[in-house]
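Some notes on the structure that comes next.
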Number of protein chains: 2
Amino acid sequence: MVELVRGLWEAMERRDWDAVERLLHPEFRCWWPQTGERFDRPGYLRVNRHYPGDWHIRVLRVDAAGDEVVSEVEVAVDGRLDRAVSFFRARDERLVDLREYWPEPSPVPEWRRGWSLPGA
Amino acid sequence: MVELVRGLWEAMERRDWDAVERLLHPEFRCWWPQTGERFDRPGYLRVNRHYPGDWHIRVLRVDAAGDEVVSEVEVAVDGRLDRAVSFFRARDERLVDLREYWPEPSPVPEWRRGWSLPGA
């Protein structure tokens, strides 16, 4: 399953939407907990094809984790560096389930300013 | 290492700071990529002891992932439900490294409004 996930990120980076579709099970579901959005296979393809900006993906790690595979990727888009943490499941040698987080940069809250290590 | 991580979340929920400290290696480092903050063991204890609100932790999953352990927890705080995704490493049977994401709720961007599955 690790290879399926690596293949997905590579196909996304190539904008090879036929390959992306082939890696996904017909009953594929993507869930983005932060917005509450859920996408089926056509919806997931649509969102990624239309995602704004000239984005480029760098895979930081892909590892089996229980009955899932977890990946962390860095996405460079318009001078910004985003990260995604993705949990995949597979069925019949295709990816069938994706739960994905996009943690955004945020300021240090006032109450703990100065508590982190210097240089951070 | 999975048991160390479960123990950490349980000790945090009990506010048992001595137990938290014992589970952490003296060279422990925590990194929060979203704010850029890094904490050593005393700093991590300080931040968690002073974290505002009456927070309660529910562990959703803990799994080995390569040379790390990944956990997802739900944190109920003041009527809000946050999630944390945490990647731990251990050394000498204590937790020595933590990279932790706190993905925040966000609105659905205008360009893809209506593209997700109904009911989502």
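Okay, here's what the table says:
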| quantity | calculated |
| --- | --- |
| Share of carbon and sulfur in the accessible heavy-atom surface of the protein assembly as shown [1.4 Å probe, %] | 47 percent |
| Pairs of Cα atoms farther than 28 Å apart, the protein assembly as shown, % | 35 percent |
| Accessible area expressed per residue, chain B, with surrounding protein chains retained (probe 1.4 Å, Å²) | 51 Å² |
| Derived scalar couplings ³J(HN,Hα) [the range B:74-81; Karplus, 6.51 cos²θ - 1.76 cosθ + 1.60; whole Hz; x for Gly, Pro] | 9, 10, 8, 9, 6, x, 9, 10 |
| Interchain or long-range residues, amide H under 5 Å from B:ALA90's placed H | B:VAL96 |
| At 7 Å out from Cα toward Cβ: B:ARG91 inter-copy label distances (nm, ascending) | 4.3 |
| Nearest-0.05 FRET efficiency for A:LEU117 and A:THR35, computed from C-beta distance (R0 51 Å) | 0.95 |
| Shortest-first nm distances, A:GLU110 label point to equivalent points in other copies (7 Å, Cα→Cβ) | 3.2 |
| Shielding score for A:101-109, defined as the mean number of other chain Cβ atoms within 10 Å | 6 |
| B:ALA65 long-range amide H proximity, modeled H, under 5 Å | B:VAL70 |
| GNM top mover of B:ARG80, B:ARG29, B:ARG49 - chain B, alpha-carbon springs below 10 Å | B:ARG80 |
| Local electrostatic count, B:PRO42, Cβ distance below 11 Å [Lys/Arg +1, Asp/Glu -1] | +1 |
| Helix A:2-13 axis, angle to chain A major axis (alpha carbon atoms, nearest 10°) | 80 degrees |
| A:VAL77-A:ARG6 FRET efficiency (beta carbon distance; Förster radius 30 Å; 0.05 resolution) | 0.90 |
| Pairwise burial A:B, computed as accessible area of each alone minus the pair, summed, 1.4 Å, Å² | 3600 Å² |
| 5 Å-binned pair-distance histogram of chain B (Cα, whole percent) | 2, 10, 18, 24, 19, 10, 6, 5, 4, 2, 0 |
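The values are calculated or read from the model by the stated rules, or taken from the named source; none is laboratory data. Treat the numbers as computed from the prediction; the structure is a model and nothing was measured. Cβ atoms come from the backbone with ideal geometry, glycine included; neighbour counts cover every protein chain shown. Accessible surface areas use protein heavy atoms only, side chains included; no ligands, DNA or RNA. Shrake-Rupley method; radii C 1.70, N 1.55, O 1.52, S 1.80 Å.
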